[in-house]
1. Can you list the strands (runs of 3 or more DSSP E) lying wholly within segment B:123-191 that have 3 or more residues being at the interface with chain A (Cβ under 7 Å from one of its Cβ atoms)?
2. Looking at segment B:125-176, which of the residues that are among the hydroxyl-bearing types (Ser, Thr, Tyr) and touching a residue at least 24 places away in the same chain (Cβ under 8 Å) is surrounded by the most Cβ atoms within 10 Å (Cβ to Cβ)?
3. All but one of (1) more than 7 Å from chain A (Cβ to nearest Cβ); (2) assigned to a strand (DSSP E or B) hold for B:Phe9; which doesn't?
4. So for segment A:59-77 (the condition being surrounded by 14 or more Cβ atoms within 10 Å (Cβ to Cβ), in contact (Cβ under 8 Å) with a residue 40 or more places away in the chain and aromatic (Phe, Trp, Tyr)), does at least one residue qualify?
5. Would you tally the residues in segment A:75-93 being in a loop (DSSP other than H, G, I, E, B) and modelled with pLDDT of 95 or more?
6. Filter segment A:1-14 down to the residues that are hydrophobic (A, V, I, L, M, F, W, C) and surrounded by fewer than 22 Cβ atoms within 10 Å (Cβ to Cβ), then identify the one that is nearest to B:Val147 (Cα to Cα).
7. In this structure, does A:Gly167 turn out to be within 14 Å of chain B (Cβ to nearest Cβ) and either more than 25 Å from B:Trp22 (Cβ to Cβ) or outside any helix (DSSP H, G or I) (or both)?
8. Given the criterion of a type in the set (Phe, Trp, Tyr) and touching a Leu at 6+ places or on another chain (Cβ under 7 Å), identify the matching residue among A:Phe67, A:Phe39, A:Phe29.
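The values are calculated or read from the model by the stated rules, or taken from the named source; none is laboratory data. Nothing here was measured: the structure is a model prediction, and the numbers come from that model. Heads up, the Cβs are rebuilt from the backbone with ideal geometry, glycines too, and the neighbour counts pull from every protein chain shown.
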Amino acid sequence: MRLTVTSHLTLDGVMQSNGKPEPELNDGFEQGGWQVPYFDQDVDRLTADWIAAADAFLLGRRTYELFANYWSQVTDPGDPRAIRLNALPKYVVSTTLDRVQWNNSMLLQGDLAGEVAKLKRQLGGELQVHGSAELVRTLMKHGLVDEYRLLIHPVVLGNGKRLFADGTTPAALELIDTKITSRGVVAQIYQPSGKPQYASAAAEQEGGVVKDSVSRHAATKSAGQPHQLQHRPADRAGFAGSN
Amino acid sequence: MRKLIESTFVTLGGDVGAPQDWGPPYLFGPEQDAYSRDLLFGADALLLGRKTYEGLSAAYTTMAAGEPGPMADFINAMNAIPKYVASTTLTEAGWNATLLGGDVARQVAELKRRPGRYLLKYGTGSLDRALMADGLIDEFRIWLVPVTNAPAQRLFEHVDGARLVLTGTRTFSSGVVVLTYVPAEPAGQSG
């Protein structure tokens, strides 16, 4: 299976309680539901299309509970999201639950990375992770993510749980596609592209122009600024980003 | 009335603190150079925090003394352009810079009232809190770099919150997407 991660993010990377306030979690987060003003037909269609492509779901405990409570109540046969979420297999990662009751859901126990790798080997189609930030970071650590679908919303919250929180395994990604919704949500599709290259490696690759790179990197360091002092070879082929 | 535009590099993980590490494979290239030139050459002056000022002035003074390369025009413009530097500690500045002490937001508001094109602020940090509280930043160019590195210093870490409006995107073949935002609430109301 191909493992895809879908995440709704603020511009400062927060992923918590995007759809509604969740005071029952008692986590002190008071800005739940921040996504709602931006949820338009474009976002609706994008996310519905993504879910329509799912063959199974892999969920962290919190996202599982949220989804199970909500989607098990949606019985409209015309809602393609509800049909798939209710019917398809759901693998749930939890250290606290001892059973799961939502239709066709099952706990993944034991060696998480090993179990997920086994699912990916044994089954076909698309295994989708939604939300589940902690789970995503574990999957990243073991190189199990095949695609990221990030919906970046035009809002800064200043606090809240982040998808790529401290301790995230540094990863380089390849931009596959960008879509913009009518309310300014940027949907970015990325696929893993190994580890990040760092300055020293980049300087080596640039061969004859290493001489300049010390000062250029100094300039970059000082401000995060666009001060490119030389060109580098053509970028990787196969880029499919839109603009 | 001049606008204030802020341009910043950030990873998907939200780091603005170490672009010298993760930035080079993505931020250097003909497309990015052209974009950077347009942004700088359209500005009347730079607005810099103290740390940014110290780093850039040292680096660009050094680069100007080297052999001219393909970005010589950019380096010359960086050295020549007037700068305003916010600092509570510096007592004098070189590099064609004027110090802003005391109430920086009020002084920036005054600078914006002067005629011209726009002020360009490189980098993001503690200065943003006061500027954004007074609605003084009119536009953000967020260079989103496709690595997940978590923050040494977080984008908008000094800011409580803000609603923005996406007004443009520019995708470079390296996978960087420059997101252009303006505040949802109009700026400049404090002046």
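1. Passing ranges, in order: B:162-171, B:177-183.
2. Among those that are among the hydroxyl-bearing types (Ser, Thr, Tyr) and touching a residue at least 24 places away in the same chain (Cβ under 8 Å), it is B:Thr148.
3. (1)
4. Yes: segment A:59-77 contains one or more residues that are surrounded by 14 or more Cβ atoms within 10 Å (Cβ to Cβ), in contact (Cβ under 8 Å) with a residue 40 or more places away in the chain and aromatic (Phe, Trp, Tyr).
5. The number of residues fulfilling the criteria is 2.
6. Looking at residues that are hydrophobic (A, V, I, L, M, F, W, C) and surrounded by fewer than 22 Cβ atoms within 10 Å (Cβ to Cβ), I get A:Leu3.
7. Spelling it out, A:Gly167 is indeed within 14 Å of chain B (Cβ to nearest Cβ) and either more than 25 Å from B:Trp22 (Cβ to Cβ) or outside any helix (DSSP H, G or I) (or both).
8. On inspection, the qualifying residue turns out to be A:Phe67.
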